C-alpha cells in the first residue's frame, strides 16, 4: 500500500474541490495567451512554499483518504514534499536523487539509473512551475471557466500510460499559478492535491532539502 502510495505521490496530483462552472474548450488565441501568461509567471518564480491537502479516491471506499503537509520548491530543481498528517513522510528531489524519510526510516533512489524516475522528476518540477506545455510526451488540451484555466495532459508513451491516464493542472486566472493537480489512474481511482497559503520568492533555507 505504501509503495503504491509513493508512486502515486511521485506522479503528483489534488481536494474535494470542483468548480461549479462548466468547462469550455479554449480557442487557439486563448491557449496562446494562457501559455504566455503562465510562462511569464513561472520565469519569475525562484522559490515557492505552499501548504497542501491531498485526497486519494479509491473506488471501493465511500470516503477519500485525506493527508496534508507542505511543499517547498527552489530553482532549478530542488523539491520537498513533506507530509505531516496523519503521519510524517517526506520526499526530497535533490542532485539527481530522491531522498525518502518514512518516519525516520531513510532511503534514496538514484534518478539517473531509472528512466521512469527521470520522467517523474521532470513531471513534478514542471507541475510546480507550470512549465510543461511544450513537453512532447503528452497530448495537451485546454479548458476554461469563469475563475480557472485547466490543462489536461494525456501521456503518449507506454511507460507512463501504465500508471497515468490523465493529469490535470488547474490554474488561478488571477495569478496564473497552479492551484490544483489531479492524477487519474488507468482505473477509476484518482488523487488530487489542493495548494493553499502559497508564498512565492521568500527565502528558503537549504536545510529544508536535507532529508
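The values are calculated or read from the model by the stated rules, or taken from the named source; none is laboratory data. Just so it is clear, the structure is predicted and the values come from calculations on it, not from any experiment. Virtual Cβ from ideal backbone geometry, glycine too; neighbours counted across all protein chains shown.
Being part of a loop (DSSP other than H, G, I, E, B) and either within 18 Å of the chain's Cα centre (by Cα) or closer than 25 Å to residue 142 by Cα (or both) is the filter here, so list the residues in segment 65-87 that pass it.
Within segment 65-87, 75, 76, 77 qualify.
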Mind checking which strands (runs of 3 or more DSSP E) fall wholly inside segment 128-179 and carry at least 3 residues that are closer than 27 Å to residue 201 by Cα and under 12 Å from the mean Cα position of the chain (by Cα)? 166-172
Just to be sure I understand the filter: pairs with C-beta atoms under 9 Å, separated by 6 or more residues or on different chains, first member in segment 85-99 and closer than 16 Å to residue 52 by Cβ, second member surrounded by fewer than 13 Cβ atoms within 10 Å (Cβ to Cβ). Which pairs pass? 87/103; 88/103; 88/104; 89/2; 89/103; 92/210
Residue list for segment 92-105, restricted to those being closer than 16 Å to residue 208 by Cβ and modelled with pLDDT of 90 or more: 92, 99, 100, 101
Filtered residues of segment 129-141 (kept if buried (at least 20 other Cβ atoms within 10 Å of the Cβ) and at negative phi): 129, 132, 138
Mind checking which residues of segment 34-45 are more than 13 Å from residue 151 (Cα to Cα) and out of contact with any strand residue (DSSP E or B) (no Cβ under 7 Å at 6 or more places or on another chain)? 36, 37, 39, 40, 41, 42, 43, 44
Can you name the residue in segment 30-59 that is surrounded by fewer than 19 Cβ atoms within 10 Å (Cβ to Cβ) and within 14 Å of the chain's Cα centre (by Cα) and is also nearest to residue 198 (Cα to Cα) among such residues? 51
So is residue 126 surrounded by 17 or more Cβ atoms within 10 Å (Cβ to Cβ), closer than 25 Å to residue 161 by Cα and at pLDDT below 90 or not? yes
Within segment 143-201, track down each residue that is surrounded by fewer than 20 Cβ atoms within 10 Å (Cβ to Cβ), modelled with pLDDT of 90 or more and touching a helix residue (DSSP H, G or I) at 6+ places or on another chain (Cβ under 7 Å). 144
